[in-house]
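Working notes, beginning with the structure itself.
The values are calculated or read from the model by the stated rules, or taken from the named source; none is laboratory data. The model shown is predicted, which means the values in this text are computed figures rather than measured ones. Note that we place each Cβ from the backbone using ideal geometry, even for glycine, and neighbour counts take in every protein chain shown. Calculation scope for accessible area: heavy atoms of the full protein, side chains included, ligands and nucleic acids excluded. Shrake-Rupley method; radii C 1.70, N 1.55, O 1.52, S 1.80 Å.
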Number of protein chains: 4
Amino acid sequence: MINGENRITRPLRWGMVGGGRTGQVGYKHRTGALRDKTYDLVAGAFDINAERGKDFGVNLGVDSDRCYPDYQTMFAEESNLDDGIEVVSIATPNGTHYEITMAALNAGLHVICEKPLVFTTKEAVEIKQLAEEKGLIVGVTYGFSGNVMLLQMRAMIEQGKIGDIHLVDLQYTHGYAATVDGDKKNAAQKWRVDPKIAGPSFVLGDLSTHTYYMSQLIMPEMKIKKLLCDRQSFVGSRYPLEDNAYVLMHYENGAVGRMWTSAVDAGCMDGQRIRIVGSKASLEWWDSKPNELRYEVQGEPIQTLVRGTEYLDELTSEYERLGTLHQEGLSDAWANIYLRIAVAIDAKNRGDEATLDKLIYPDIDAGIAGVQWIENCVRSADNGSVWVEYETEESVHA
Amino acid sequence: MINGENRITRPLRWGMVGGGRTGQVGYKHRTGALRDKTYDLVAGAFDINAERGKDFGVNLGVDSDRCYPDYQTMFAEESNLDDGIEVVSIATPNGTHYEITMAALNAGLHVICEKPLVFTTKEAVEIKQLAEEKGLIVGVTYGFSGNVMLLQMRAMIEQGKIGDIHLVDLQYTHGYAATVDGDKKNAAQKWRVDPKIAGPSFVLGDLSTHTYYMSQLIMPEMKIKKLLCDRQSFVGSRYPLEDNAYVLMHYENGAVGRMWTSAVDAGCMDGQRIRIVGSKASLEWWDSKPNELRYEVQGEPIQTLVRGTEYLDELTSEYERLGTLHQEGLSDAWANIYLRIAVAIDAKNRGDEATLDKLIYPDIDAGIAGVQWIENCVRSADNGSVWVEYETEESVHA
Amino acid sequence: MINGENRITRPLRWGMVGGGRTGQVGYKHRTGALRDKTYDLVAGAFDINAERGKDFGVNLGVDSDRCYPDYQTMFAEESNLDDGIEVVSIATPNGTHYEITMAALNAGLHVICEKPLVFTTKEAVEIKQLAEEKGLIVGVTYGFSGNVMLLQMRAMIEQGKIGDIHLVDLQYTHGYAATVDGDKKNAAQKWRVDPKIAGPSFVLGDLSTHTYYMSQLIMPEMKIKKLLCDRQSFVGSRYPLEDNAYVLMHYENGAVGRMWTSAVDAGCMDGQRIRIVGSKASLEWWDSKPNELRYEVQGEPIQTLVRGTEYLDELTSEYERLGTLHQEGLSDAWANIYLRIAVAIDAKNRGDEATLDKLIYPDIDAGIAGVQWIENCVRSADNGSVWVEYETEESVHA
Amino acid sequence: MINGENRITRPLRWGMVGGGRTGQVGYKHRTGALRDKTYDLVAGAFDINAERGKDFGVNLGVDSDRCYPDYQTMFAEESNLDDGIEVVSIATPNGTHYEITMAALNAGLHVICEKPLVFTTKEAVEIKQLAEEKGLIVGVTYGFSGNVMLLQMRAMIEQGKIGDIHLVDLQYTHGYAATVDGDKKNAAQKWRVDPKIAGPSFVLGDLSTHTYYMSQLIMPEMKIKKLLCDRQSFVGSRYPLEDNAYVLMHYENGAVGRMWTSAVDAGCMDGQRIRIVGSKASLEWWDSKPNELRYEVQGEPIQTLVRGTEYLDELTSEYERLGTLHQEGLSDAWANIYLRIAVAIDAKNRGDEATLDKLIYPDIDAGIAGVQWIENCVRSADNGSVWVEYETEESVHA
């Protein structure tokens, strides 16, 4: 149960790169970070327009002097301060994540980065190595994954409540890019369909990495053995970036699965869904009904588990905030993610490896895994939508 | 609007092969056929156990003399009667459809057969040729397809209400064969997992042919260009028959699609679903909420269309039975299918080709298409789950 | 499990009064009656327009000679036939029920009458007395009440699955009379707002008697002690007939309850609902999701019970028709009601009181109870919407 | 659109009375207040146990010196500081609201108080008078009312989208007090059933005041003319406090309505609902699906409006935070309430009456109205559940 009491030694001095006035994502970061008094926002390079960024930062309550024109200046100046930032969030377009993250780590900062972390496994692994060298945490903001009912799924699966996992059905679709209009008018969509900024994928990276990470979160033992990805660009100008993709997966334990990700699923407003089918029961969660979990045992009445109740697992209850009859939403999920990353940073700072070992949060490995997911999908798709062995860091170097 | 008044010249003299006391499907046939006074059940070879079949037929109100030990006897004896049957329904396991259908056509009977029609396109085409020669109708009981909201989907798609079709998402899954138990205990399940009786597939034939036909019904212009099928036997003793399959489709117009069919989707009670995504809107129908149709226009409030209302298309209203606030279900859907087949038979008997041309019902071509769907899926799966060009009668002979 | 095999000695020779081409209700009667081979439709006075009625009857397959201009003629003529009708359904406007029912009973016919049975308890009791004298059955077509999940509610309540009953929440509302338009244009609505034909109420009689009967069906032990009814005529020309009413009830066991009935609940398409709250759990059923039953135990996951499953009570399974995954609807519910009434008639004919004693069906007492419900509501409303002791046959004569 | 930029001159110096570690409600206050940088929590008398309260406050980041043993000390000490608190939230049991609020106003503090504000209209009016004298704001935390879709309802109703209002259906029920257990074990429930602390009602005050306020928020023109309340104590030891109540309302415009409030609605997890029926359409909102609004126009497809979309009214969009596909919940609603009250306080401080005039927030009049709602309900119930004229400040003094 979270009630606002401190969870870590003291609030972390926190800065942001990006997340300025013209986008939506920065507000989610701040809402998440500031919820539990674990972060103080003390500096920022919020905007590529320095003037606008300063005005914005001041409006957020940041000292004018600590609203910087760019991240380079921020990292340099803050490192000269006794109370300079110690952790930075990166909420910029994908193409900048690598260089900013590397710079931040080199400046001795813990990093919280938007997904997808970078463009290639190679880059992601470099980040991991640098972070390890420096003794720093890298967290990745898979924001939806903070929903507590996902922990309930994890606990129930681990306890054998659905039997052996047979089928994994994942979906994250919407229709906001059903036409080309947004590519031209909407800044946030424009860069997402530009390979130079978005990287090798549109929806695979922008949407499905969320759902893929959640599947790992709830089924940590499940490893993909091979997959096949079929991707399309219904708006032709997006080619080679896909606005729709289907993926089929084979897992090492014999399970199979699917992912559907799309930005052309016209009219869809509830398209992020996870269904895990076991040998005797299934669990299903929809992001649009985040406080519920459907538990379907073959041959029994369908069960709907509700957030905040006493019958949930203690893993779930640990991050409970509002109680039943009180709906939690995405801002609570982001708060949970930022809280867990703060706990990780605090533990790292204290050299408390025991806490780190058992803490569940989207760490650098989750960031790497997201990049690998995209790479494997793209490799399959670009080879004619064929089956490919799933390559990971380990599998490649094995 | 259907109110029970006659739709055809006179009720058809109808017999059944199979559909006896020990199974569930016969009751659906009778419920459908007898609803609108278009068929009189006057004969039957209801059961492989002749004694039990006679007892059952008499209980249904059939003359004892016209309860036959087998279909051969029935066809022979009835052809000697002035008022012998003129149409027969075949509700037996798949492996017998071909021989009984051919025998019925040779005996001059119209045929209404369970799906899947036969095991191979070759057999299906033979049936079509014989039926044409004889001037007889062959209908296939895709029972769910009688739901009137599917006609509404067809009308709206044809009228451009969703724009160009981009994505086709089909599903028919349940969990009734999640374990091996039913294979041993349940007669109806037992033969479904025996290749000699079920044919080359389990769930692809048993379940997905329904949903595939409905997709054709609502999008008659859409042709599959190639597909990829990945099938599994989670209960090993079912091998090579699959209890789960994923299919990816590419259509000739550039659309793509998916089918998921499964009998191991543990706990699932609402797994037959159709979602058609167009360039500007989507339509979605769930078999478990048959009276509703979701119409999602990108950028507008979600619409739920309800059966029986005045705003529906006249194509839909033609088969309306109960009015709003009054739920229709599967028995109404079967009644619609049997009614349309009766209209087809009556038209055929009268040589009324105009009526036949515009009548929408699951005819011999729909039967052939179902068999081809299975064949293409199995061919892909058995070649390593690879993409295969979609073969049809025409494509092969072209 | 119902599969079409005979349940009674032989089909009953059945006639109809009303239910002709211009209304919707006749089709529901025929759909229900003809489903299980328990009735043969052999005569009718279907329409006040004799010509149209005959044309219609012939179209339904009735002998031209047995399509009568009025019920008087039908009863007289049929009584002269060896195979004359033995049971008649009355599907005419409310104001005619009394005289037709009395005439039918006097002609020695079993009666199946639309609800509400008559205008006054006095009339209803006369009918009961005459029926008893003559040894005849009177059934009342509360069509929705045939849904099998209601029997599941009854069984679970009886077994103590919800504890002691505390709260009863009943609703039957729609918006089809939200404006005055239908009063003028729509024949079926026109008479419903005319006190001479409809009786002392509009929605209380037309809608809430259904839901009230269902509440009795599932909680046979619950007796109303007093109630308060507040009724309105939002369309002024309907006064004194109400188009909306609220009722509060106190039951003898200390439970309390509510009924909301309305024809001005604009846009509502799913307004028939029953929720029974016990001391430890609740049961809820919505007519728009007839195959589901929600079972909510305080402190446990919400359960959704699904029709056709093996975990349901045998009382429920007895009237099971289609199996799971196959939606039942209103036509199945009507079939169940007609089937049970046929069983009652057959038992009555055979003098089988044991069968009658345990048979659950909407009998003459249910008809009387519906009339009393309306009378008590109207008495309260017309005295200033005050609390009134609930009067029944017994309470008044006590 | 809210993105965290400042809305007021500077953050308000904020203190709390109550809301300590042992309850749940304090966290909601802090989550709401601290979301938008409009309040700094600088002092508190969090707990009746002074030691525990200080420990808790320090854990929240409050200076140890400013964690006070009681509100009297806090008000006295803080008034001596240059940067003493200027606004205080009162999150204590009902019976203390009056004295603490009066003391706070007398100490020159703006007040944010839990509902129900006080026990009697007389007390509430005294508070209003003192606040006016002092030039201070009194806000009441009807937390659910911050949901933005309620503003959408208000806008649509004002724009005539549903026609004239005919029916108002309100509900707030749950089953957490279905048995007596919680009365003994659970501190938060214990005082709620003690008239000395809870006041003249249990669920009427604890639950229905929320829903009643929301009805005022969305229909500000609607005034109750008379009502009838029927209340029960299913757990007898709660008498005279009710654990269930039904209310019928007549509005001055001829509309009628209902409220159901209950803590014995066993198993209910989604019982806060509002349905407003107009002459041509209805609007319905469920607290358990807070991001959706159902708009049902008679004779048209049902519409579901979704939070965050461009088709919503600008009144709604003003408080939009997360965008579509991103679920808002109760923490966002509380943030909206606290934000609006901050804007009110800031405007009051600046003498900006224009802003105050058009600002929609739960002000002292909303607090008074809630108390009057309870008083009228109790007066009716305690006089035998009879109709009573609805008395307000104005009506009584008129």
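The table for this structure:
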{"read-out": "Dipole of the range D:1-139, positive end: most advanced residue of D:V125, D:P93, D:G4 [Cβ charges, Cα centre]", "value": "D:G4"}
{"read-out": "Computed label-point distance, nm, for sites C:D70 and A:S233 using a 7 Å Cα→Cβ extension", "value": "8.1 nm"}
{"read-out": "Residues losing 40 Å² or more accessible surface upon assembly, the range A:239-256, compared with the chain by itself, 1.4 Å", "value": "A:Y246, A:L248, A:V256"}
{"read-out": "Contact order relative to length of chain A, as percent, for alpha carbon pairs under 8 angstrom and 6 or more apart", "value": "20 percent"}
{"read-out": "Residues listed by number, the range A:87-111, amide nitrogen under 20 Å from A:E133 label point at 7 Å toward C-beta", "value": "A:87-88, A:97-111"}
{"read-out": "Amide proton proximity set for A:Y319, modelled H, under 5 Å, gap of 5+", "value": "none"}
{"read-out": "1.4 Å probe, heavy atoms, protein only - residues of the range B:22-42 losing at least 40 Å² accessible area vs chain alone", "value": "B:Q24, B:Y27, B:K28, B:R35, B:K37"}
{"read-out": "Charge sum, other residues only, whose C-beta stays under 9 Å from D:I276's C-beta, Lys/Arg counted +1 and Asp/Glu -1", "value": "-1"}
{"read-out": "Amide N of the range A:314-337 lying under 16 Å from the label point, which is placed 7 angstrom from the Cα of A:A155 along Cα→Cβ", "value": "A:314-324"}
{"read-out": "Per residue accessible area of the range A:12-143, 1.4 Å probe, in Å²", "value": "36 Å²"}
{"read-out": "Delta accessible area of at least 50 Å² on complex formation, residues of the range C:43-92, 1.4 Å probe, chain isolated as reference", "value": "C:N59, C:L60"}
{"read-out": "Cysteines having no other Cys beta carbon under 4.7 Å from their own, within chain C", "value": "C:C67, C:C113, C:C268"}
{"read-out": "Rounded FRET efficiency, nearest 0.05, which uses the C-beta distance separating A:R350 from D:R350 and R0 of 56 Å", "value": "0.75"}
{"read-out": "Chains D and C together, accessible area buried on both sides, 1.4 angstrom probe, square angstrom", "value": "3400 Å²"}
{"read-out": "Local electrostatic count, A:A107, Cβ distance below 12 Å [Lys/Arg +1, Asp/Glu -1]", "value": "-2"}
{"read-out": "Exposure rank, largest accessible area first [D:Y246, A:Y239, A:Y98; 1.4 Å]", "value": "A:Y239, A:Y98, D:Y246"}
{"read-out": "Helix-only mean residue ellipticity at 222 nm for chain B, each DSSP H run of n ≥ 4 adding -39500 (n - 2.57), per residue, nearest 500", "value": "-10500 deg cm²/dmol"}
{"read-out": "Label spacing, shortest first and in nm, from B:D382 to its equivalents in the remaining copies (7 angstrom along Cα→Cβ)", "value": "3.6, 7.8, 8.4"}
{"read-out": "Karplus-derived 3J(HN,Hα), 6.51/-1.76/1.60, for each residue of the range B:288-296, Hz, glycine and proline x", "value": "7, 10, x, 8, 10, 9, 8, 10, 10"}
{"read-out": "Exercise: per-residue mean of other protein chain Cβ atoms within 10 Å, D:5-12", "value": "2"}
{"read-out": "Carbon/sulfur fraction of accessible area - the protein assembly as shown, other protein chains in place, 1.4 Å, %", "value": "48 percent"}
{"read-out": "Shortest-first distances to equivalent copies, position B:G236, nm, label 7 Å out along Cβ", "value": "5.2, 6.4, 8.1"}
